[in-house]
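Chemist: Shown below is the structure under consideration.
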Amino acid sequence: MPEILPGVHLVEGVNPSPDFTTNVLLLKDAKGATWTLLDTGLPPGKAPTNAIPQIESYLARHGTDLSAVRNILITHLHADHTGNLKELARRTGAKVFAGREEAEYLEGRKVYTGPGMPPPDRVDIHEKLKDGDTIDLFEGLVALATPGHTPGHTSYYCPSRRVLFPGDSVFNVGGKIAVSLKEYTFSPTLAISSLRREAGLDVESVVMYHGAPVLSGGGAMLRSAAQSGYP
Ligand SMILES: [Zn+2]
């Protein structure tokens with residue numbers, strides 16, 4: 001396991017429980033022998049298994065190590081996504097990307113007081129993304145500002161492969177795509193408008209962070225989720 005889609009690798013052994021998955025991803029860059037890490041798992045002490053050794057052993061099984069991770073993409077500030085960011089940024093020397101507004105919190109200029117766990121550490125963000133920025137990693141990605149779940153949440157979209165990495169803008173709840181759960185969401189109104197935008201993309205696969213990735217038919221499921229909204 002598990003290269004879930006060509007070049008999209010799901011790091012095993014980092015889920016807090018069978019009901020609470022944290023889909024830490026390693027993306028194989030199309031150019032060169034480098035990898036991109038997408039979100040970094042729960043912080044040590046909150047997670048039954050620290051993600052860093054699991055990422056290392058995943059890379060080792062592919063004949064490489066942490067030094068091959070040249071870039072780290074962050075969807076948002078919550079600690080289950082940024083828990084090992086400081087340590088991984090230090091150990092890899094990778095360039096760290098996050099949305100512009102999220103960087104205000106991650107770099108410590110603003111204090112996050114919304115729902116969900118705040119980021120555990122101050123971390124330098126090297127590339128502060130705005131909506132529509134293209135990123136020459138993996139097979140080519142576009143940053144989408146998808147505020148709602150957090151103020152500066154960013155999703156990543158690969159147009160050539162029709163894959164959306166929506167972070168926590170959507171969850172997989174019982175096999176269905178649903179807008180990010182209200183109790184963890186900073187602005188439900190913004191979350192719905194961000195989801196509507198994602199539902200307008202040409203998408204086959206939706207690889208969210210919580211719940212099983214949807215490998216096919218994801219576009220129709222996004223549209224249905226956008227229509228349903230919050231109950
Ligand atoms: Zn979150």
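The values are calculated or read from the model by the stated rules, or taken from the named source; none is laboratory data. Here the structure is a predicted model, which means the values were calculated and not measured. Here the Cβ is made from the backbone with ideal geometry for all residues, glycine too, and neighbour counts use every protein chain on show. Protein only, heavy atoms only, side chains kept; ligands, DNA and RNA dropped before computing areas. Shrake-Rupley method; radii C 1.70, N 1.55, O 1.52, S 1.80 Å.
Chemist: Out of all DSSP beta bridges in the chain, what portion is antiparallel? Express it as a percent rounded to 5.
Modeler: 65
Chemist: Roughly speaking, what is the stretch gain from residue 131 to residue 216, that is 0.36 nm per residue apart minus the C-alpha to C-alpha distance, in nm to one decimal?
Modeler: Fully extending the segment from residue 131 to residue 216 adds 28.1 nm.
Chemist: At 1.4 Å probe size, with no ligands or nucleic acids counted, give the accessible surface of residue 109 in Å², nearest ten.
Modeler: Approximately 130 Å² for this residue.
Chemist: Enumerate the calculated ³J(HN,Hα) couplings along region 76-87 in order (Karplus 6.51 cos²θ - 1.76 cosθ + 1.60, θ = phi - 60°), each rounded to whole Hz, writing x wherever the residue is Gly or Pro.
Modeler: With coefficients 6.51, -1.76 and 1.60, one gets 6, 6, 3, 5, 6, 9, 10, x, 10, 4, 4, 5 Hz.
Chemist: If you roll a 1.4 Å probe over the heavy atoms of the protein chains, what accessible area per residue do you get for region 89-228, in Å²?
Modeler: For region 89-228, the per-residue accessible area is 44 Å².
Chemist: Subtract the Cα-Cα distance of residue 230 and residue 187 from 0.36 nm times their separation in residues, and report this length gain in nm to one decimal.
Modeler: Working it through step by step, the gained length comes to 14.3 nm.
Chemist: Taking the Cα centre of the chain as the origin and placing charges on Cβ (Lys, Arg +1; Asp, Glu -1), which of 98, 38, 64 is farthest toward the positive end of the dipole?
Modeler: It is 98.
Chemist: In whole percent, how big is the carbon plus sulfur part of the accessible area of the chain, probe 1.4 Å, protein atoms only?
Modeler: 52
Chemist: From the phi of every residue in region 191-206, what ³J(HN,Hα) in whole Hz does the Karplus formula 6.51 cos²θ - 1.76 cosθ + 1.60 yield, where θ is phi - 60° and glycine or proline is x?
Modeler: Per-residue couplings from phi come out as 4, 5, 5, 5, 5, 4, 5, 4, 5, x, 7, 7, 10, 9, 10, 10 Hz.
Chemist: I'm checking a number: the convex hull volume of the Cα atoms of region 3-228, normalised per residue, in Å³. What is it?
Modeler: In region 3-228, the Cα convex hull volume per residue is 106 Å³.
Chemist: Under 18 Å from the 7 Å Cα→Cβ point of residue 17, by amide nitrogen: which residues of region 154-186?
Modeler: Residues 172-175, 181, 183-184 qualify, since their backbone N sits under 18 Å from the label point.
Chemist: Report the full-extension gain for the segment residue 109 to residue 46: residue separation times 0.36 nm, less the Cα-Cα distance, to one decimal in nm.
Modeler: Net length gain for the segment: 20.2 nm.
Chemist: Can you give the relative contact order of the chain as a percent, counting alpha carbon pairs under 8 Å and 6+ residues apart?
Modeler: RCO, the chain: 15 percent.
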